[in-house]
Amino acid sequence: MAPTYPQVLLQNRKPDRIATLEEYQQSGGYQALADVLQNYSYKDLQEVLIDAVLLGRGGAAFPAGMKLRTVAEDAPFPRYIVCNADEMEPGTFKDRVLIHADPHMLIEGMIIDGYGAKAEQGIIFIRPEYESAARILEREIKIAKEAGFLGKNILGSDHSMEIVVHRSGGRYICGEVTAQLNALMGKRPNPQQPPPYPTEKGLWGMPTVLQNVETLANIPHIIRNGIEWYKNLAVTETGAGTKLFCVSGKVNKPGCFELPMGVRLSEIIEVHAGGMPVGSEYKACLPGGASTRYLPKEFYDIEMDFDPMREVGHRLGTGAIMVFDQKTCLVAATLNLTEFFARESCGWCTPCREGLPYIRDLLLRLEEGEGREEFIPMLQQMSKHLWSSYCAFAPGATSPVESLITYFEDEVREHIAQKRCPFK
Amino acid sequence: MDHNEDVIHPMLPAKLRTSLAEHIARVDHPRELVVDVMFAIQDQFGFLSDEAVEEVAQLLNMSPLEVEELATFYTFIYREPVGKYVIHVCDSVVCWMDGYESIQDHLRSKLGIEMGETTSDGLFTLLPVCCIGYCDRSPAILINKEVYGPLTPEKLDEILENLRAQG
Amino acid sequence: MPKLIIDDREIEVPAGTKVIEAAERLGIKIPRFCYHPGLGSVGACRVCAVKFLEGPFKGVQMSCMIDAKDGMVVSTTDEEAVNFRQYVIEWLMLNHPHDCPVCDEGGHCLLQDMTVSGGHGIRRYLGLKRTYHDQYLGPLVQHEMNRCIHCYRCSRFYQEFTGYHDLGVMQIGSRTFFGRYQDGTLESPFAGNLSDICPTGVYTDKPSRFFGRRWDYQRSPSICINCSLGCHTVASGRYREVVRQEARYSEAVNGYFICDRGRYGFFYTSNEERPRQALVDGKEVSYDQAIREAREKLGELIKSTGPDAVACVSSERSSLETQAMLKKICQTKGWQGPHYFLDESMAQKVKSASSRLESGLAVSLRELESADFILVIGADPVNEAPMLALAMRQAQRRGGKIAVIDPRPVSLPFEFHHLNVTPNEVNLCASLLVKTAVDLGAATDLEQPGIEFYQAIPKLETVSSSLQEQIAKVAQELKESKRPIIVCGTETVRQTTPALAADHALLLQATNKQAGLFYLLPGANSFSASLLASEDGSFLETLEGIENGTIKGLILVERDLLLHFHDRQRMELAFEKLELLVVLDYVNSRTQQRAHIFLPTSTLYEAGGIFITQEGRLQVVPRAHLSGTPIAQVSGGNHPPRIYESEIPGGEPRPGWQALAELVHEEPQPDENTTRSSVLNGLSELNPAFATIPAIDELPEDGMRVSSPEESSPRFSLDWIHELERKESPDKSLELVLVNWTFSTEELSQYSPPLMKLEKEAAVFMHVDDATSLGLSDSDKVTILLDRGALEASVSVKENMAPGIIVMPRHRLLEWQKIETLPKFVSHEEIKKVSV
Ligand SMILES: Cc1cc2nc3c(=O)[nH]c(=O)nc-3n(C[C@H](O)[C@H](O)[C@H](O)COP(=O)(O)O)c2cc1C
Ligand code: SF4
Ligand code: FES
């Protein structure tokens, strides 16, 4: 029997339709907003989120409350809340599922987040592939506004907020905070190294707090049910809340599952994702999207939470688990991943723009049986050097490459020795 | 500086032009709308022609180059003519594991075109695309931003037939 | 001031200094591509990586992105950093062509240097190289995208630094492309700098393509004399020819860049048509013979009519030495002149500018970049002195506000307030603006005349309500500023304007602002000319003297009267009356062709010389090469040139000062250096302002300021108020405003073939209201009837200019010199549309 866990973010998920405003409200929706507007100072709110250990779900695990707090008290207005719904990390689709399940949860989260930064302008940055989600949000924002949850003086308070949906033209780098801000301003979406930090000078030079869809959706629940309840959702000691895990690849039931933070990888695969197909054996997974390291069999039982992963030198990332079996060539998989990153590199800095195509070339030669011994140290060296790129894109991009060699050097060597891909 | 003071393009339908101009007039920072404006014009004509780039530039008081800087950055802005149905085949890692290559091969042979090409009847264009966020439905494709998956060659045939029938 | 250790050596640097700069102070040049001190840091190329051992940062980091901090210990030679940099070079070389021998950047290519010094020698990459299409970018810059290493310098310079938007970055990832939207000539008048800043051969200097390698050239420091700013350049000469000019860094003047007029304005010096041989009545003679004949003829003239039958005219493009020599000759010989200005009003304007530029007010071009408010009174920066516009752009980028009071359709590569009032209203508008911004109560030490001056400024209500509004808005910004600078032109303004601008700057200073003053003058050596100009007599009087027969001999030194004087017909008739016209020059001007006796002079590149910028900055230019016909012209490409003479072919031209000295002295003259020293030694007799300058070889790199000790125009004069009462233009007529353009009006750059290709059609500008009442629309062709006949031009109709005027460029291809007197008004009837 599969253990059942409390459903928080996906509590109103239905197989065939989107939760309406009424349904959301029936489940307690917008109570948190009313509560916050009446009973919380914006600083109280920041404190609650910090105490609840709400960590960013976009991949970097930055404490959400801390981010609000970095907006200086005397910072200028207008201030902005940007919701990052770009979700271009391969393997990740939780934000899409969440928006399609219960859009008002995100909207409420954004309004409350706005209160915490004294921001009155909200923008949802969404990838063009999610056109249907964009339409849903536009429609529901209007409904929320008609119901008085958005607009001037929300619920009679002095907090006001407008939310607009901004469609991206489509590029992975647009998910990176500073690149996203540039994109929003109609500039080329190259990242921009701080300082200044976006919370100091972001959109149009104004303080801007940027958070992931899933992060924002957590906020109303923390307010409604309290810090302890939230922390207790996690099965790990240090963790808090639930996590949306996207499972794909060699499993019987790919999908997005809301599970306690810290649930074991083995359980996710075997229980929730229906196990692996007959004849398939676990070889590795990418535990948190394409820019995390391969997690080999020795970590099959690991607790899927930020800290336990970090302790063994891995990252939880977005919690997008892509499962590879013993029949899948990881050199070819890494080639595919590198192809993705090389194609999506924004082209701003040298290591990423030129180094990734170089790595791709080496992997391609390996896969096609033209590999040479010296490729291995070159791949290692370049993976290391790509950490000195301009932004976090390239370090992420080399995670599969570096971990391929760390954990599966034998498989790489076999390609060289046999002068062909042993899986073909 | 005013960039394209004297250039007037007759191509944009007056109604669209006015509605875009009104939208632009309403916002504090017109430039934030550049992708929206590009999409709006692209939706009208299928792709963003040179004239359209100049049109966007004029509407937003940018230089055509500044528009081109963005138009050529993004995946979903087409600077060349495309078919009525643009098929984006996801070729990222999950779809790769689940066999996007056979989907792609099937499409190529069925439509008689290579990736990046458009069928001679102007109906279909084939383009590769990075992970579209439907890994739970892989192998997946997008047709005019609508998702299809998980796919098999049979399902594909059905989809193509339906679209052909719609013309 | 943070103290840090780089490669075991300690250094203290000002806060905010980047580590890459700190290292440079120690003589350690860390590799760089994207970093450029003029453009700042962006951290794109990653080649400046060093290892941080101690301090707030650890590990391999980009030295261009990190401010030096106390306690930092940095190693540039650390193995990891060296290995990383080596990889960066390898990455950049993956796609870079291996064809240095045919690349025009070879020899001064940063990538070449880095590849060698960075230790990347052997190609490991087995893949193919990426290729791009190149674009046509116009006559100045060659594009070869395959060589691009994506450092982003070009687009940053072009868009951010200069404010033009037709060149930038397209595509993404390793396909990123730098260029224009479509093929076409670059719009920025600073585009030539691309060749300087591109670290490889993507942008190279087109006119000098395939001419030589950097190391083949004699490279000498020089300055630009195509406007009054005097930007620093490097002249690259080869085979007796200047083939390329680049920007030279100057802390005070131009910074790292120059404009295209300056960069490509040098071609007059090697022009094939340039007269290099002395002429008597059109026949080639030896220099000595021409001198002898001139001396004889002058002698006869003086004997029959007296010394004041001879007059001398020079120009603003002559060196100080030449100007001074002429002055000295006139003084000792009793000849008339010299006149350096043709227009008395201009002479007065320059005079009051140079005398009012007190050291407490004068600011350099670079200082202008840190102004928080710039008020331009009567100037059109891009057209008159392009680098001024670039400096203003930097001020604007740092948050400075800019207002321009000028009747012309001024266009600048940044946002600014344009108060496009009529020429008559410029003074009033400026005064109202300053008055509105200045609170007299807050004024500390303002003398009584200053207070009276302030009080005499009319009420704001004297102007239209829309202008009042604009003035109030701009005045608010001026009021809030701390470092306002007034920029004042001399070209189209009234005679009183320069003094008025100085008075306003004083008013601003009196209210505790760090106000500055910056003038534009008509020519490279106007300032020097005004220090030397004599008080009595004007060029017009001299002209009348020729016409009524009292003046029979005229000596023109580097001055083309048929180009510059507004009444060419009158000038030509006057020439016919002359018994002797001696011309000394280095260009084949119309006037030169009329000379009875012609003496070729050498150019700045051949003679060197001293020029004083509009800021009063005296700058010494050394010679770049000896006079002589370029070998390419002598030999038609044959090697070696088959001319067997003991002298350099075409080597006759002598410096203006030397030629003048020989012209007036019977005995053989000492060499040009001795002559030069003697004239420089006597400078302070000509004007005490020169007494303060040290010996030429002791001048600092950036020259030094001379300021006029004279107070020729008193402070806080109210003359401008009386001028306001002057009658407005006659009814139904338009005032003709003659102006300069970036290209095609300036004298010397008119001889530049690449710049000719950038010329715009000669058009006149008219306000839309005037055009409407004349029944004209944009691009119509019109004839304009002037005093000496009609001229044809197309009309450009503008809204952003003053009504009641016609703006006419002194375009090379427009015969505007048909005007009897200035100011000139053209009645509506005199403007006719040409039907096609
Ligand atoms: C190359 C790159 C792509 C990213 N893409 C996304 C994305 O698609 N969605 C997202 O929420 N965060 C993305 N991130 C992480 C964001 O930079 C940022 O950390 C996050 O959105 C902050 O929100 P959070 O604190 O709520 O997680 C990306 C980061 C990098 C470096
Ligand atoms: S690492 Fe460099 S090139 Fe790559 S995405 Fe970041 S900034 Fe762009
Ligand atoms: S010079 Fe520092 S990154 Fe380019």
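The values are calculated or read from the model by the stated rules, or taken from the named source; none is laboratory data. Just so we're clear, the structure is a prediction, and the values are computed from it rather than from any experiment. No Cβ is skipped: glycine too gets one built from the backbone with ideal geometry, and neighbour counts run over all protein chains shown. Side chains included, ligands, DNA and RNA excluded: accessible areas come from the protein's heavy atoms. Shrake-Rupley method; radii C 1.70, N 1.55, O 1.52, S 1.80 Å.
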Among the residues that make up region A:153-174, is at least one of them more than 16 Å from ligand 1 (Cβ to nearest atom), more than 26 Å from residue A:101 (Cα to Cα), without any contact (Cβ under 8 Å) to a residue 40 or more places away in the chain and in contact with a Ser or Thr (Cβ under 8 Å, 6 or more places away or on another chain)? yes
Criterion violated by residue C:451 - all others in (1) in contact with a Phe, Trp or Tyr (Cβ under 7 Å, 6 or more places away or on another chain); (2) open to solvent by 40 Å² or more (accessible area, probe 1.4 Å) satisfied: (1)
Tell me which residues, restricted to region B:120-167, are farther than 24 Å from residue B:75 by Cα and not in a helix (DSSP H, G or I). B:152, B:167
Pairs where the first residue, in region C:620-635, is farther than 12 Å from residue C:240 by Cα and the second is open to solvent by 20 Å² or more (accessible area, probe 1.4 Å), C-beta under 7 Å, 6+ apart: C:620/C:696; C:620/C:699; C:622/C:221; C:635/C:641; C:635/C:642
If we keep only residues of region A:89-104 that are open to solvent by 10 Å² or more (accessible area, probe 1.4 Å) and touching a Cys at 6+ places or on another chain (Cβ under 9 Å), then the residue nearest to ligand 1 (Cβ to nearest atom) is A:89
Sort out which residues of region C:737-753 are within 17 Å of residue C:244 (Cα to Cα) and open to solvent by less than 10 Å² (accessible area, probe 1.4 Å), and write them in order of number. C:748, C:749, C:752
Subset of region C:394-417 (residues that are touching an Asp or Glu at 6+ places or on another chain (Cβ under 6 Å) and β-branched (Val, Ile, Thr)): C:410
Among the residues listed as C:99, C:7, C:70, the single one being closer than 19 Å to residue C:113 by Cα, away from chain A (no Cβ under 13 Å) and away from ligand 1 (no atom under 16 Å from the Cβ): C:99
Condition first: of a type in the set (Gly, Ala, Ser) and within 12 Å of chain B (Cβ to nearest Cβ). Now tell me which residues in region A:62-107 satisfy that. A:85, A:91
Looking at region A:333-344, can you tell me whether even one residue there is within 13 Å of ligand 2 (Cβ to nearest atom), open to solvent by 10 Å² or more (accessible area, probe 1.4 Å) and within 14 Å of chain C (Cβ to nearest Cβ)? yes
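A quick yes/no check of all residues on (1) among the β-branched types (Val, Ile, Thr); (2) surrounded by 24 or more Cβ atoms within 10 Å (Cβ to Cβ); (3) assigned to a loop (DSSP other than H, G, I, E, B); (4) at the interface with chain C (Cβ under 7 Å from one of its Cβ atoms):
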position	(1), (2), (3), (4)
A:355	no, yes, no, yes
A:362	no, yes, no, no
A:377	no, no, no, no
A:395	no, no, no, no
Members of region A:384-405 found to be without any contact (Cβ under 8 Å) to a residue 60 or more places away in the chain and more than 16 Å from ligand 1 (Cβ to nearest atom), listed by number: A:384, A:385, A:405
State which residue pairs qualify: first residue outside the structural domain of residue A:210 (by TED's automatic domain parsing) and inside region A:182-193, second residue within 9 Å of ligand 2 (Cβ to nearest atom) and assigned to a loop (DSSP other than H, G, I, E, B) in any location, beta carbons under 8 Å apart, and separation of 6 or more residues or different chains. none
Yes or no: residue C:244 open to solvent by less than 20 Å² (accessible area, probe 1.4 Å) and part of a strand (DSSP E or B)? yes
Filter region C:537-549 down to residues that are more than 34 Å from the chain's Cα centre (by Cα) and surrounded by fewer than 16 Cβ atoms within 10 Å (Cβ to Cβ) and give me whichever is nearest to residue C:579 (Cα to Cα). C:549
Looking at region C:431-444, is at least one residue over 18 Å from residue C:481 (Cα atoms) and touching a residue at least 60 places away in the same chain (Cβ under 8 Å)? no
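So that you can scan it fast, the table gives a plain yes or no per residue for (1) in a helix (DSSP H, G or I); (2) at the interface with another protein chain (Cβ under 10 Å from one of its Cβ atoms):
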position: B:36; (1), (2): yes, yes
position: B:39; (1), (2): yes, yes
position: B:43; (1), (2): yes, no
position: B:53; (1), (2): yes, yes
position: B:65; (1), (2): yes, yes
position: B:70; (1), (2): yes, yes
position: B:77; (1), (2): no, yes
Going through region C:343-367 one residue at a time, which ones are in a helix (DSSP H, G or I), over 30 Å from residue C:567 (Cβ atoms) and under 18 Å from the mean Cα position of the chain (by Cα)? C:365, C:366, C:367
Restricting attention to region A:24-44, does a residue exist that is under 25 Å from the mean Cα position of the chain (by Cα), exposed (fewer than 15 other Cβ atoms within 10 Å of the Cβ) and basic (Lys, Arg)? no
Helices (runs of 4 or more DSSP H) lying entirely in region A:159-249 (those with 2 or more residues that are within 14 Å of chain B (Cβ to nearest Cβ), open to solvent by less than 20 Å² (accessible area, probe 1.4 Å) and of a type in the set (A, V, I, L, M)): A:177-184
Mind checking whether some residue in region B:131-149 is open to solvent by 50 Å² or more (accessible area, probe 1.4 Å), among the aromatic types (Phe, Trp, Tyr) and at pLDDT 95 or above? yes
Residues satisfying the stated conditions in region A:108-135, i.e. surrounded by fewer than 22 Cβ atoms within 10 Å (Cβ to Cβ) and away from chain B (no Cβ under 14 Å): A:118
